[in-house]
1. Please count how many residues of segment B:120-136 are facing chain A (nearest Cβ under 9 Å) and surrounded by fewer than 24 Cβ atoms within 10 Å (Cβ to Cβ).
2. Scan segment A:222-255 for residues that are in a helix (DSSP H, G or I) and more than 11 Å from every other protein chain (Cβ to nearest Cβ) and jot them down.
3. Return only the number of the condition from (1) outside any strand (DSSP E or B); (2) open to solvent by 10 Å² or more (accessible area, probe 1.4 Å) that B:A100 does not satisfy.
4. With the requirement that a residue be in a helix (DSSP H, G or I) and touching a residue at least 12 places away in the same chain (Cβ under 8 Å), what does segment B:121-153 give you?
5. If A:L109 meets every condition in (1) in contact with a helix residue (DSSP H, G or I) (Cβ under 6 Å, 6 or more places away or on another chain); (2) open to solvent by 10 Å² or more (accessible area, probe 1.4 Å); (3) within 11 Å of chain B (Cβ to nearest Cβ) apart from one, which number is that one?
6. Scan segment A:168-192 residue by residue and report those that are assigned to a strand (DSSP E or B), over 27 Å from A:A53 (Cα atoms) and open to solvent by less than 80 Å² (accessible area, probe 1.4 Å).
7. Search segment A:126-154 for residues being touching a residue at least 60 places away in the same chain (Cβ under 8 Å) and open to solvent by 20 Å² or more (accessible area, probe 1.4 Å), and hand back the single one that is nearest to A:M106 (Cα to Cα).
8. Within segment A:308-316, is there a residue that is more than 30 Å from A:A103 (Cα to Cα), of a type in the set (D, E, K, R), open to solvent by 50 Å² or more (accessible area, probe 1.4 Å) and without any contact (Cβ under 8 Å) to a residue 24 or more places away in the chain?
Amino acid sequence: MAGIAVLCEVQGGEIAKGSLGVLEEAARLGAALGEPVEAIVCGSGLDDAAMGALGGFGASKVRVADDAALASGIAQPVVDACASAQESGQYRYWLAGASIMSADAMAGLAARLGAGIVIDAVELHAEGGALVTRRSGLGDSVLAHCGFTTPVGVVVTRSNAFAATEGNGGSAPVERFSPTFKAYSQAVQLVGHEDAEDSGPDIGAAEVLVAGGRGLGDAAGFAAIEECASAFGGAVAATRAVVDAGWYPYSAQVGQTGKTVTPKLYIACGISGAIQHKVGMQGSGTIVAINKDKNAPIFDYADFGIVGDLNTIVPKLTELIKARG
Amino acid sequence: MRIAICVKEVPDPTAEKRIDAGTNRLVRSGENTLNPYDRHAIEAAVQIKEGPAPDAEITIVTVGPESANRSVDRALAQGGDQSVHIADEAAAGSDLLGTARILAAALKRGNYDLILLGQQAADSESYVMAGLVAELLELPCVTQAASIELADGAVTVKRQVETGYDTVKAATPCVVSVSDAINDPRYPPLPAIMGAKRKPHEVLSLADLGVDASTVGAAGAGTTVGGLSKPEGRGDTIVIEDDGSAADQLVAFLLEKKVVA
């Protein structure tokens, strides 16, 4: 086994920013281990020149599986493509960023290959000639140094753990390959898609975000959040759980599948603070958490936490900020 | 219709978290509880039974020490008809793949039409078990279901992805992990809690399932934990309990930090 394969995800015809960051980190790791790094891209109607540009982010070769079966963004056909790439490439490590698709695809690949899998990796180190990851645990209070005993190791990195640069403008040779698809991998069919509408205020630009989660109780709970955000001259953000439940629009969602935000002030109201939310807002300047559960993980990474009833605290906060005008 | 729900016992979030310095494993002594994410999968199964598949038989499947039977009973109280509990000392120290191998062996034996999981485990925040188990069983897999509809031997699932919402369809048998937004799990009434112990419990060893003990547990783990270190923290956290003055204290803090003028 030799070399590092990086699954690079295509979103809206372009390589996902998260994948570029992982590819660059893999290139640093590959240099330290003396292993070449190859980018694996799965999709349909992919452009060779655009894929070759991954050479500018550290890939020595770009291997492209271009097939209608890979157009839907469903993970299982991607497992087949990665397994085909592994058959010819015999890679020692597989890396991918933690999108929903990539995480599912790496899980399937690890099971298919009997490979050890580490998820939520936040650092990649070369130690003793092998990859040793740092995997965050226990609410990010500890970093476990995880390595592999299997011939192939699979790593899913935490979203946003590795920021991408603009690249060096280089390019790499593109090689196309044809995956062998399994029947069960093609059994899940995409029957509909609603694009996330991008209406409403741009939460990425707001200096203050007041965010609501399931702790608000219901959709009506957002009225107090909106008032508070307006008092601060800021915008409203929401967690995946409340967006999925239909309480607030997708365009306001912060987290792994939503936006990544870095406001000066982030006030989390009724948000427990699961890792999928944290990765979207941990770069905020000051983090405030209001939650009735004193054990909520959000208190582990807030600067100022209030254990109490947000129904009384938030309106009072709004009045105090309004009074300061 | 046969529905299986894979559940996990996790340390109670209110208990102190620690890792054993000798073994680098999570210490699971003290109060344990049913993984809260799994309650959404159980509720989803109960709603299927109350709706399109009144004949559904719901089996709770878990891997864990014998003491995990309390969480199995908790899951049964919420809506299971019977349980399959793989309790074997050789399973201790299993990594993700090892746990998936044991679950897959137990699931294969049950010929289930629908295999449900919660979206992640609350202790390890692991979100890949559905993908691992589905691949080992060679079954279609859908994760992060925000809704499930069952009709004509197929499930239709709405799920959030990076670009919006996908609606996908898969024929049964298949594996589905559910989002914690899919439903609000109901608390079981007292008679259901009392009755859970009397439901059929099957406790199995690895040998019963034909699982080679060298492929699971600490011995068969594909990943190693070689050491632990402290991440860089955000610095000091101030946490206060609201005594009526919390909003005033927060504003004072924000003024001091010059976050508001």
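The values are calculated or read from the model by the stated rules, or taken from the named source; none is laboratory data. In this text the structure is predicted, and so the values were computed from the model without any measurement. No Cβ is skipped: glycine too gets one built from the backbone with ideal geometry, and neighbour counts run over all protein chains shown. The protein model used for the area step is the full one, side chains on, heavy atoms only, and it has no ligands, DNA or RNA in it. Shrake-Rupley method; radii C 1.70, N 1.55, O 1.52, S 1.80 Å.
1. In the first step, residues of segment B:120-136 are kept if they are facing chain A (nearest Cβ under 9 Å); the result is B:120, B:122-136.
Now restrict to residues that are surrounded by fewer than 24 Cβ atoms within 10 Å (Cβ to Cβ): B:122-126, B:136.
Final tally of qualifying residues: 6.
2. First, the residues of segment A:222-255 that are in a helix (DSSP H, G or I): A:222-231, A:240-244, A:250-252.
Those that are in a helix (DSSP H, G or I) and more than 11 Å from every other protein chain (Cβ to nearest Cβ): A:F222, A:A223, A:A224, A:I225, A:E226, A:E227, A:A229, A:S230, A:A252.
3. That leaves (2) as the condition not met.
4. Taking segment B:121-153 as the starting set, the residues that turn out to be in a helix (DSSP H, G or I) are B:129-137.
Listed by number, the residues that qualify are B:M129, B:A130, B:G131, B:L132, B:V133, B:A134, B:L136, B:L137.
5. A:L109 satisfies all of (1) in contact with a helix residue (DSSP H, G or I) (Cβ under 6 Å, 6 or more places away or on another chain); (2) open to solvent by 10 Å² or more (accessible area, probe 1.4 Å); (3) within 11 Å of chain B (Cβ to nearest Cβ) except (2).
6. Kept after step one, since they are assigned to a strand (DSSP E or B), are these residues of segment A:168-192: A:174-176, A:189-192.
Checking which are over 27 Å from A:A53 (Cα atoms) leaves us with A:189-192.
Of everything in segment A:168-192, those that are assigned to a strand (DSSP E or B), over 27 Å from A:A53 (Cα atoms) and open to solvent by less than 80 Å² (accessible area, probe 1.4 Å) turn out to be A:L190, A:G192.
7. A:P151
8. Filtering segment A:308-316 down to residues more than 30 Å from A:A103 (Cα to Cα) leaves A:308-316.
Restricting the remaining residues to those that are of a type in the set (D, E, K, R) gives A:309, A:316.
Retained after the next criterion (residues that are open to solvent by 50 Å² or more (accessible area, probe 1.4 Å)): A:309, A:316.
Next cut, without any contact (Cβ under 8 Å) to a residue 24 or more places away in the chain only: A:309, A:316.
Yes, segment A:308-316 contains at least one residue that is more than 30 Å from A:A103 (Cα to Cα), of a type in the set (D, E, K, R), open to solvent by 50 Å² or more (accessible area, probe 1.4 Å) and without any contact (Cβ under 8 Å) to a residue 24 or more places away in the chain.
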